[in-house]
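The values are calculated or read from the model by the stated rules, or taken from the named source; none is laboratory data. Quick caveat, the model's predicted, so the values are computed rather than measured. Here the Cβ positions follow ideal geometry from the backbone for every residue, glycine too, while neighbour counts run over all protein chains shown.
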Amino acid sequence: MRVSLFSITTVFAICLAALTLQAQQSPVQLWITTSDEAGVVAGLEAQPDLNFRPNAQDGVQAIEVDENKVYQRMEGGGAAFTDGAAWLINQRLSPVQRAQVMRCLFNPQVGIGVSFLRNPIGSSDLTRAWYTYDDDPTDQADASLPHFSIDHDRADVLPLTKLARQINPALTLMMNAWSPPAWMKSSGSLVAGAVLPEYYAHHANYFVKAIQAYEAEGVHVNYVSLNNEPTCCQEVNYPSIRLITSTDMATMLKDYWFPAFKANHLKTKILLLDFNWGNVDLVEPLLKDEAIRTSSYVGGIAWHGYGGDPATQSKMHDNYGMDAFLTERSGFGEGSRQQQQDMRDMVGVIRNWGKSFVKWPVATDEHLGPNVGGCHTCTGLVTVHTNDARAGQVDYTIEYYTMGHLTKFVPNGARRIESSANTQVLNVAFQNPDGSLVLIAYNDTATPQAFKVAWHSQAFYYTLPVNTSVTFRWNIHDR
């Protein structure tokens, strides 16, 4: 049954009925998502339970799971409440629809349990207008930024972020800027340019005040970064910083950010880079600097998935001991091609020490907006129809379901554990805080794949159809 164009009411019913965990019924439960070129065919649909039996030497390809080999602690999966995404959900849906969408997004029992938000500080490219938290140039004369305000966020972004954390209290929140205020920059614009050295103190305080403002609203900010995608990109016409070097960033961190965080007793951690694996040359000089690498204010490296190899995460982890976070990877399509991209990315990121897997917007409209000069092809977890024959209806995209294979079954605090790498059946495994084990797998071939999951002296067998993801879950106490 195709679900890509289901109404919000129908999908909510699926959330309630078909996606509820039933761990007491069987040693192994499983849920699948299957797609074709047009869209979702089956979205996180529960399948008949499986049972372990003695593991035989039968020649069937095996994925071995071993919870005694433990890797990174997971800190979530999700997307971003951009200005546009928050506005779509908060302003273009009825209160009943809004509540249903938020539950289907953030509640792990009736929905997929999104557990990481990455919210822009000011406007990004997926926005209705350009703005920052301080657009008054008279604040050039006062580093305390007397005209600083998060009032723009109070309309949509802040209330939905509060609600998301009420629904999922373990939610991780990251905030970062696409650009600081134009008056801080050499370009005099939100587009391009560099942060002028005479405003480094203002720049650091801009982030401190953003964190403090959210904390004052009862919303803890777990992570920030210096800027989204520093040095990107020559052709863009949206808020950005293009002129920044590793030396600039080192100066900002050591001479301004670290002292400002210390003076204000902030618990928020700073993620370095916030750009592609292919931009490792921009962050490695920071890692070689002991004052930065060992700082209590640095929480790891934020990576994007638009260029390079996720194995770079492992290299930086092994060489410098730095935690890895995938903080942005947009979708660009529907159906089986998008599902394949998502699953390859998810497995590759997490098997290379990734503690998070974060897509781009939570929501777009039917025209993949709103945006001002930004991405015209980026897709979200949900599509909110605003100005077509289906205005007021919500579609749950393939990205919603692929994300759900992680976030619904792997809560924050779970640990990745050992599972056999397999180029045909991509997979990654976890042990949850409650002791249950989870294996996520995807058939990355053009034919059905028969395999067994071996655990201690037992195994269960499964044949994974093409264009299909599966999440298995079993209780370690059933061993």
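Structural remarks
- Filter result for Val60 (within 26 Å of Thr447 (Cβ to Cβ), surrounded by fewer than 18 Cβ atoms within 10 Å (Cβ to Cβ), over 19 Å from the mean Cα position of the chain (by Cα) and not charged (D, E, K, R)): yes
- Residue list for segment 433-468, restricted to those being buried (at least 19 other Cβ atoms within 10 Å of the Cβ), closer than 23 Å to Ala414 by Cα and within 27 Å of the chain's Cα centre (by Cα): Ser436, Leu437, Val438, Leu439, Ile440, Ala441, Tyr442
- Meets criteria (surrounded by fewer than 24 Cβ atoms within 10 Å (Cβ to Cβ), part of a loop (DSSP other than H, G, I, E, B), in contact (Cβ under 8 Å) with a residue 12 or more places away in the chain and at negative phi) for Gly369: yes
- Residue count for segment 313-359 under the criterion of being in contact with a Lys or Arg (Cβ under 6 Å, 6 or more places away or on another chain) and modelled with pLDDT under 95: the result is 0.
- Restricting attention to segment 73-129, the residues that are of a type in the set (Gly, Ala, Ser) and more than 22 Å from Thr172 (Cβ to Cβ) total 4.
- Close contacts from segment 74-97, counting a first residue that is touching a residue at least 40 places away in the same chain (Cβ under 8 Å) and within 14 Å of His385 (Cβ to Cβ) and a second that is among the aliphatic types (A, V, I, L, M) and in a helix (DSSP H, G or I), with Cβ to Cβ under 7 Å and a gap of 6+ residues or different chains, come to Ile89/Val101; Ile89/Leu160; Leu93/Val101; Gln97/Ile8.
- Selected residue (criterion: nearest to the chain's Cα centre (by Cα)) from residues of segment 372-402 that are surrounded by 18 or more Cβ atoms within 10 Å (Cβ to Cβ) and among the polar types (S, T, N, Q): Thr402
- Looking at Leu105, Leu117, just one residue is part of a strand (DSSP E or B), among the aliphatic types (A, V, I, L, M), within 22 Å of Leu368 (Cα to Cα) and modelled with pLDDT of 95 or more, and that residue is Leu117.
- The set of residues from segment 23-67 being modelled with pLDDT of 95 or more, touching an Asp or Glu at 6+ places or on another chain (Cβ under 9 Å) and more than 29 Å from Glu334 (Cα to Cα) comprises Val28, Phe52, Glu64, Val65, Asp66, Glu67.
- Listed by position, the helices (runs of 4 or more DSSP H) inside segment 237-349 whose residues that are touching a residue at least 12 places away in the same chain (Cβ under 8 Å) and aromatic (Phe, Trp, Tyr) number at least 1 are 258-263, 311-320.
- Among residues of segment 423-478, those that are in a strand (DSSP E or B) and of a type outside the set (Phe, Trp, Tyr), counted: 26
- Tyr131 passes every criterion in (1) within 28 Å of His202 (Cβ to Cβ); (2) surrounded by 18 or more Cβ atoms within 10 Å (Cβ to Cβ) apart from (2).
- Test: residue in segment 327-344 that is of a type outside the set (S, T, N, Q) and closer than 18 Å to Arg73 by Cβ: no
- Residues satisfying the stated conditions in segment 130-150, i.e. part of a loop (DSSP other than H, G, I, E, B) and within 15 Å of Glu198 (Cβ to Cβ): Asp142, Ala143, Leu145
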